[in-house]
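Read the structure below first, then the notes.
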Amino acid sequence: MPSFDEVLKEAGEFGRFQKRVFFLLCQTGITFSSLFASVVFLGQAPGNYWCRIPGAAEISERCGWTLEEEQNFTVLPLHLGNGSSSGECERLDVMWDASVSCSSPLAHYSNRSTGNLPLTACHDNWVYKQPHSSIVSEYNLVCGNAWMLDLSQAILNLGFLTGAFILGYAADRYGRILIYLLSCLGVGICGIIVAFAPNFTVFLTFRFLQGMFGKGTWMTCYVIVTEIVGSDQRIVGIVIQIFFTLGIMILPGIAYLVPTWQGIQLAISLPNFLFLLYYWVVPESPRWLLTRKKGEKALKIMHNIAKHNGKYLSPHYSEITVSNEEVSNPSFLDLVRTPQMRRNTVILMYAWFASALIYQGLVMRLGIVGGNLYLDFFISGAVELPAALLILVTIDRIGRRLPFAISNIVAGIACLITAFLPEDIPWLKTTVATLGRLGITMAFEIVYLVNTELYPTTLRNFGVSLCSSLCDLGGIIAPFLLFRLAAIWLELPLIIFSILAVVCGILVLLLPETKGISLPETVEDVEQFS
């Protein structure tokens, strides 16, 4: 009986069929990256807001004040009395009633100097010029509640982490395309509920679930694409990353055109329902079917692939070699039971953690500069495009391991140099930091490909999901690491990033080279890698 790779060569390793499936699944990268980075625009700081005095709304309506006039009556005296107070997080400790004068509401306190007016902290009575522009104004995530905005992103990353475990396991047990479609449905439904959440608790709950299902769509589409192409075409996994970058570049355009956070949330969530149409055009992974002892279904799909590619399978292809490895439900022990698998798993987990932490850290650091948020965000995404192009140029000529190591080391050295460059040459500091961003983006994209190629079919989805879960852990830690260390010394985070990246560059040299090698079907195949 022929092996799967022999049948795939006969049917076409990257023909019309694979190109169509590849292009369709790539769209998932756009929606996932929009979800990944959406907090930047969903959580924009409100431009102008202040704390309203109790009873002020009724007085304002009776007196016919505009918002500006109400602000002048309540915030201006506060500012005059305490120059450091802007009226955003504290208010005058007074209660207005029907006896208040429309022309001079503070006349009752005229016997006091402005510096002696009583003050109190504001809790839940803020007024916003644009009340529905972001979740910050929608759920009052200002002043003492500002940390809740960071919590919303941490909850999303926690959803990613949960999805990596639960849906990664489910895809290996129940099938790639089934879990992909269920995840797309979940992202769409949860996204709608998030957009119309009546309170912040509901918002957080369904943002967590949207993150979980979002990770399911991203990881599963990546594995499907990798499993239906030949070993020489597996760099398509890198091209998927370009669509992730395109999502990063499209997001500021959506945010610029859509004035409310609900509109942005719906714009990045609703396209997931379109992916349900893939049920009729994207087949189950034939490699996965073989591992579940479903050789007939796999062969039927291979005949369909050959037909669409204009090929013809020989009559003696009546059966395909089925994996001899006993199929069982995957567990973490399967990833560390044998020496080569154990080494691969430990190194890959560290590589995912370091790449995510450094990547998000550098993105947030560059975002502190200010300027035009929409333009700056677009440019930060455009910087990532050369990374994918460099990988495509080098990965099939040099291999996976060397570019993986060099990109990490370059990122580490760039971070170290940036930390010690003087502040009076900002253009050089920004340029070198951007080089570090380019290097870590390359490392981040290569780890996806290498992780997929170093695990056998029976454990591939589970292995990729488990290792990439360290990416989400890095994403949760990154903002705390960046801002806590920056409070001690502004450049200290860059020193930490540098150490993490260089160590990663050295460790990945211990991984086997997978250039031109068929995807391993069993653990024994992995152990035979040189």
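The values are calculated or read from the model by the stated rules, or taken from the named source; none is laboratory data. Remember, it's a predicted structure, so these values are computed and weren't measured experimentally. Neighbour counts run over all protein chains shown; Cβ positions are idealised from the backbone, glycine included. Note: accessible area is taken over every heavy atom of the protein model, side chains too, but ligands, DNA and RNA are not part of it. Shrake-Rupley method; radii C 1.70, N 1.55, O 1.52, S 1.80 Å.
Annotations for the structure displayed:
- Any hit, segment 253-263, residues being among the hydrophobic types (A, V, I, L, M, F, W, C), farther than 19 Å from residue 27 by Cβ and touching an Asp or Glu at 6+ places or on another chain (Cβ under 7 Å): yes
- Hits in segment 441-500 - residues which are hydrophobic (A, V, I, L, M, F, W, C), outside any helix (DSSP H, G or I) and modelled with pLDDT of 80 or more: 454
- Long-range neighbours under 9 Å by Cβ, at least six apart or interchain, first residue among the charged types (D, E, K, R) within segment 483-494, second open to solvent by 100 Å² or more (accessible area, probe 1.4 Å): 491/420
- Residue 187 at pLDDT 95 or above, open to solvent by less than 10 Å² (accessible area, probe 1.4 Å) and not assigned by the TED database to the domain that holds residue 469: yes
- The number of residues in segment 141-165 that are closer than 24 Å to residue 92 by Cα and surrounded by fewer than 21 Cβ atoms within 10 Å (Cβ to Cβ) comes to 5.
- Entirely in segment 6-65, the helices (runs of 4 or more DSSP H) that have 3 or more residues that are closer than 30 Å to residue 518 by Cα: 16-37
- Test for residue 417: is it open to solvent by 10 Å² or more (accessible area, probe 1.4 Å), over 20 Å from residue 351 (Cα atoms) and of a type outside the set (Lys, Arg): yes
- If only residues of segment 166-177 that are touching a residue at least 60 places away in the same chain (Cβ under 8 Å) and open to solvent by 10 Å² or more (accessible area, probe 1.4 Å) are counted, the one that is farthest from the chain's Cα centre (by Cα) is 173.
- Residue in segment 57-65 that is in contact with a Pro (Cβ under 8 Å, 6 or more places away or on another chain) and surrounded by 14 or more Cβ atoms within 10 Å (Cβ to Cβ) present: yes
- Taking the criterion of being touching a residue at least 12 places away in the same chain (Cβ under 8 Å) and not aliphatic (A, V, I, L, M), the residues of segment 6-22 that qualify are 9, 10, 12, 13, 14, 15, 16, 17, 18, 20, 22.
Here is a yes/no grid of residues against (1) in a loop (DSSP other than H, G, I, E, B); (2) in the same structural domain as residue 28 (by the TED database); (3) surrounded by fewer than 19 Cβ atoms within 10 Å (Cβ to Cβ):
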{"site": "222", "(1), (2), (3)": "no, yes, no"}
{"site": "226", "(1), (2), (3)": "no, yes, no"}
{"site": "229", "(1), (2), (3)": "yes, yes, no"}
{"site": "237", "(1), (2), (3)": "no, yes, no"}
{"site": "240", "(1), (2), (3)": "no, yes, no"}
{"site": "248", "(1), (2), (3)": "no, yes, no"}
{"site": "253", "(1), (2), (3)": "no, yes, yes"}
{"site": "256", "(1), (2), (3)": "no, yes, yes"}
{"site": "265", "(1), (2), (3)": "no, yes, no"}
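- Of the numbered criteria (1) open to solvent by 20 Å² or more (accessible area, probe 1.4 Å); (2) modelled with pLDDT of 70 or more; (3) farther than 30 Å from residue 260 by Cβ, the one residue 132 fails is (3).
- Of all positions in segment 67-77, at least one carries a residue that is loosely packed, with under 13 Cβ neighbours inside 10 Å and at pLDDT 75 or above.
- Qualifying residue in segment 281-294 (condition: open to solvent by less than 30 Å² (accessible area, probe 1.4 Å), hydrophobic (A, V, I, L, M, F, W, C) and modelled with pLDDT under 85): yes
- Hey, residue 375 open to solvent by 80 Å² or more (accessible area, probe 1.4 Å), within 23 Å of the chain's Cα centre (by Cα) and either modelled with pLDDT of 80 or more or closer than 29 Å to residue 514 by Cα (or both) or not: yes
- Residue-level check: of (1) of a type outside the set (D, E, K, R); (2) touching a Ser or Thr at 6+ places or on another chain (Cβ under 9 Å); (3) within 24 Å of residue 16 (Cβ to Cβ), residue 295 misses just (3).
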